[in-house]
């Protein structure tokens, strides 16, 4: 802790915290999802679709996907930082993952608001 | 008393073939593996989700894809990955809150994570794929 160079860097606390907050959101959603699933009148494609079309469920599901993408960003970045040492390769890998996840977020929004 | 413990030679290498990972370490590396697997399969999962809530043709198309035994196997693996990541994640959150930090409890909770996630995978997988 003594030899830190404090030049505007944060020390990963924000990401560490985001990882846990998004994990909690996803865990709560998972329980909410399972309860909703058991409350379905019948298990059919129509009932499944109607479940996600409901206002709150649609919003909660979108939040779940967003939490998942943020969570994946921190997790995959951690893996890359452990195993990919050349800075250039790491930068490219991080960029690819970041843009992929942003694209996925758009995809998830498109799926849910088409319902 | 502490002198006797210090003299015991400690391995200084990290050779994966020689290391015997303790149970909590095993759960930890599986957390990483399952997370990586879920990330890699995100396009498949999003496509399946989108098709499942789409029109009748999209649902039929998704059903025909899932009918493939190889796809079923991959989805079964992903089900395990989600459940393991879920259970191990809750354990890590509790450890962060300094709950169950002592070694015997940590070992037991690691074993519980493996057992609970595997059991749920078999139960839910059987329900989904065998009807």
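The values are calculated or read from the model by the stated rules, or taken from the named source; none is laboratory data. This one's a predicted model, so the numbers in the text were calculated from it and none came from an experiment. No Cβ is skipped: glycine too gets one built from the backbone with ideal geometry, and neighbour counts run over all protein chains shown.
Which of the residues spanning segment B:63-87 are within 14 Å of chain A (Cβ to nearest Cβ) and more than 20 Å from residue A:65 (Cα to Cα)? Full working, then the answer.
The first filter runs over segment B:63-87 and keeps only residues within 14 Å of chain A (Cβ to nearest Cβ), leaving B:63-64, B:66, B:78-79, B:81-87.
If the condition is that a residue be within 14 Å of chain A (Cβ to nearest Cβ) and more than 20 Å from residue A:65 (Cα to Cα), then B:63, B:64, B:66 are the ones that fit.
Hey, among A:107, A:73, A:65, A:113, which residue is crowded, with 16+ Cβ neighbours inside 10 Å, more than 27 Å from residue B:87 (Cβ to Cβ) and within 12 Å of chain B (Cβ to nearest Cβ)?
On the way: A:73 fails: more than 27 Å from residue B:87 (Cβ to Cβ); A:65 fails: more than 27 Å from residue B:87 (Cβ to Cβ); A:113 fails: crowded, with 16+ Cβ neighbours inside 10 Å.
Step by step, each of A:107, A:73, A:65, A:113 is checked, and only A:107 is crowded, with 16+ Cβ neighbours inside 10 Å, more than 27 Å from residue B:87 (Cβ to Cβ) and within 12 Å of chain B (Cβ to nearest Cβ).
(1) at pLDDT below 95; (2) touching a helix residue (DSSP H, G or I) at 6+ places or on another chain (Cβ under 9 Å): which one isn't true of residue B:69, the others all being true?
All conditions pass for residue B:69, except number (2).
Go through the residues of segment A:2-14 one by one and say whether even a single one is free of Cβ contacts under 8 Å to residues at least 60 places away in the same chain, in a helix (DSSP H, G or I) and surrounded by 15 or more Cβ atoms within 10 Å (Cβ to Cβ). Spell out how you get there, then give the answer.
Within segment A:2-14, the subset free of Cβ contacts under 8 Å to residues at least 60 places away in the same chain is A:2-14.
Narrowing the set further to residues that are in a helix (DSSP H, G or I) leaves A:13-14.
Now restrict to residues that are surrounded by 15 or more Cβ atoms within 10 Å (Cβ to Cβ): none.
No: zero hits.
Within the set of pairs 6+ apart or on separate chains, which have a first residue in segment B:31-56 that is facing chain A (nearest Cβ under 7 Å), a second that is not in a helix (DSSP H, G or I), and C-beta atoms under 9 Å apart?
Qualifying pairs under 9 Å: B:50/A:114; B:53/A:114; B:53/A:115.
Can you confirm whether segment A:88-95 contains a residue that is under 25 Å from residue B:85 (Cβ atoms), out of contact with any strand residue (DSSP E or B) (no Cβ under 9 Å at 6 or more places or on another chain), free of Cβ contacts under 8 Å to residues at least 12 places away in the same chain and within 11 Å of another protein chain (Cβ to nearest Cβ)?
Looking through segment A:88-95, none of the residues is under 25 Å from residue B:85 (Cβ atoms), out of contact with any strand residue (DSSP E or B) (no Cβ under 9 Å at 6 or more places or on another chain), free of Cβ contacts under 8 Å to residues at least 12 places away in the same chain and within 11 Å of another protein chain (Cβ to nearest Cβ).
Looking only at residues in segment A:35-49 that are more than 10 Å from chain B (Cβ to nearest Cβ) and either at pLDDT 95 or above or assigned to a helix (DSSP H, G or I) (or both), which one is surrounded by the most Cβ atoms within 10 Å (Cβ to Cβ)?
Selected residue: A:36.
Of all residues in segment A:51-62, which are at the interface with another protein chain (Cβ under 9 Å from one of its Cβ atoms) and within 9 Å of residue A:115 (Cβ to Cβ)?
Within segment A:51-62, A:52, A:53 qualify.
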